[in-house]
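A short reminder: the numbers here are calculations on the coordinates, not readings from a lab. Please read these numbers as outputs of a predicted model, since none were measured by experiment. Because the Cβ atoms are built from the backbone with ideal geometry, glycine has one as well, and the counts that use them run over all protein chains shown.
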């Protein structure tokens, strides 16, 4: 059971271009937002969509994959864990931020994905790339 504690799996669309930061230690960190949609019908039978936004953080090799392949609008799958951190804002108030720290990344969509301007290395028209990075 310990393998399912603090375990997050999300499939959604990237909301903004990832920001890549090169740290002094030589490590990379990537950050981007991910939108997940839940569709349902309301009491009148009308289709409704509930969108939730998540902040995704990737480190090291996973950040390098994000930098190379992930673009705004791209559908991706994320496996990771929740991490909550605190910081003090400019007005001296304590702020809490919950992020998903990604350790697995699934790139979804076709190699001819019109939303991406980056070169793809997909072997077929419709496929997914799956990266498992041990962190």
Please list 65-73, 47-55, 78-86, 7-15 highest first by mean number of surrounding beta-carbon atoms within 10 Å per residue. 65-73, 7-15, 78-86, 47-55
For region 29-106, rounded, prolate or oblate, judged on the Cα gyration tensor with a ≥ b ≥ c (square roots of eigenvalues), a/c < 1.5 rounded, else prolate if a/b > b/c? oblate
Distance cut-off 17 Å, percentage of C-alpha pairs in region 18-65 lying past it: 52 percent
